[in-house]
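What follows is one structure encoded as structure tokens, with my remarks underneath.
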Amino acid sequence: MRRFSHPYAGQRSRPGFVLLFVLLALIVMAAMTAITSLSSWGAMRSARLAWNGERALLGAEEGSARHVAPWDADWFSALQVGERWQRTLVTGSGGLVSLQGVRTGPLSALVEATMTSRSGSSLDTASRRVLRALALSPPLFPIRAALTVLAPVSVESSDIDGRDVAVATEGCDRQRDSLSAVGVLGAEASISGATRVFGTTPVISTVANSALALDLRAEFDSAWSVAVARVDRVTRIGPRDAIPVFNQWSYLFIAPPDSTVTPLVDATGTGRHEGLLLIDGDLRLFGTLRLDGLLIVNGAIDATSGVLDVNGAVLVRDRRALSSTIGSRSSIRFSRCALQRALASIARPSAMPFTLWAAR
């Protein structure tokens with residue numbers, strides 16, 4: 001009988017080949033496991049970073065909102081244009097927010113809020129910065145001229161200049177808005193021959209334009225209501241008292257000593273004010289009043305026996321149409337920078353200041 005032998009029967013066995021194959025398989029499996037683990041760890045770290053980034057962004061937004069909501073207009077109006085400030089706030093969840101701001105103009109600012117969030121490891125740290133542009137909104141008073149009187153007005157031997165010239169000492173950037181205005185605007189404007197009036201138009205009378213006159217009075221009344229609601233300090237001065245000296249670019253709201261009598265403020269002596277000066281009633285000036293900013297008189301003004309020196313603007317309502325008089329030696333120079341800095345003391349930031357950018 002013929003026998004058949006296996007073709008590999010005479011060859012030696014190689015036990016090491018199987019072992020090598022097993023080792024290679026284990027190495028491949030270990031590599032795949034490591035890759036899977038690294039991918040999972042990377043995904044988890046990305047998720048933690050995303051969470052921390054969102055938490056930091058929301059915290060920065062909250063810090064910015066907490067800084068803007070209780071706006072301190074007195075503090076802001078005292079800042080110089082270009083001046084910076086820093087704050088540190090705590091969010092509702094206990095996070096620390098670093099705030100930096102700069103006053104970019106009389107009625108504008110930039111606020112940057114930064115917050116860092118981490119969850120255990122420093123590798124999971126994320127920071128977010130939010131930069132907001134703030135636009136401050138003051139009451140919209142109808143300031144159309146260096147001297148705006150919503151009733152008859154007489155100007156005697158005074159200098160009224162509606163031309164706006166950027167001056168470095170005013171505290172505003174030289175690139176500021178320097179749009180000039182009318183010299184004198186009044187219902188009936190009586191200008192003496194010795195008075196010098198300059199402006200885009202020297203004198204405008206609204207006596208022939210009843211619709212414009214009504215619009216200006218309505219604008220004043222609406223803005224006055226807003227301004228009164230925003231002030232929380234009232235200074236009452238008696239007959240022939242001097243207007244207090246105030247040099248902090250804040251507001252000064254002056255009323256008669258007794259609200260039950262005819263609203264009349266008699267001012268003597270020498271007063272100097274920087275900012276917004278509000279007179280709730282008629283103003284009778286016997287002394288010298290020097291003002292950098294904005295003078296708003298709810299009643300009439302009589303400066304025949306005094307000197308009125310204003311760098312900014314003057315606005316007179318004259319509710320009882322008594323006729324206002326600007327006496328000799330008085331001077332009113334229009335300055336948009338000064339009146340905007342004055343209005344900042346009763347201005348409020350926009351309700352929802354927009355986000356310019358947020359970055360890691």
*asked:* Show me, for region 84-95, the HN-Hα J-couplings you get by feeding each phi into the Karplus relation (A = 6.51, B = -1.76, C = 1.60, θ = phi - 60°), rounded to Hz, glycine and proline as x.
replied: 10, 9, 9, 9, 10, 10, 10, 6, x, 8, x, x
*What full-extension length gain, to one decimal in nm, is calculated for T270 and E112 as 0.36 nm per residue of separation minus the Cα-Cα distance?*
52.6 nm
*According to the Kirkwood expression over distinct Cα-Cα pairs, how big is the hydrodynamic radius of region 189-328, in Å?*
15.8
_List the residues, sorted by chain then number, that are 5 or more residues from Y251 or on another chain and whose placed amide H is less than 5 Å from its amide H._
L276
*asked:* So if each residue of separation counts as 0.36 nm, and I subtract the Cα-Cα distance between S305 and T235, what length gain in nm does that give?
replied: 22.9 nm
*Return the carbon/sulfur percentage of the accessible area of region 112-164, one whole number, probe 1.4 Å, all protein chains in place.*
48
*asked:* Students often check this: by mean Cβ neighbours within 10 Å, which of 85-98, 211-224, 58-71, 270-283 ranks highest, and how do the rest follow?
replied: 270-283, 58-71, 211-224, 85-98
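The values are calculated or read from the model by the stated rules, or taken from the named source; none is laboratory data. Please read these numbers as outputs of a predicted model, since none were measured by experiment. Virtual Cβ from ideal backbone geometry, glycine too; neighbours counted across all protein chains shown. Quick note on the areas: whole protein, heavy atoms, side chains included, nothing else; ligands and nucleic acids left out. Shrake-Rupley method; radii C 1.70, N 1.55, O 1.52, S 1.80 Å.
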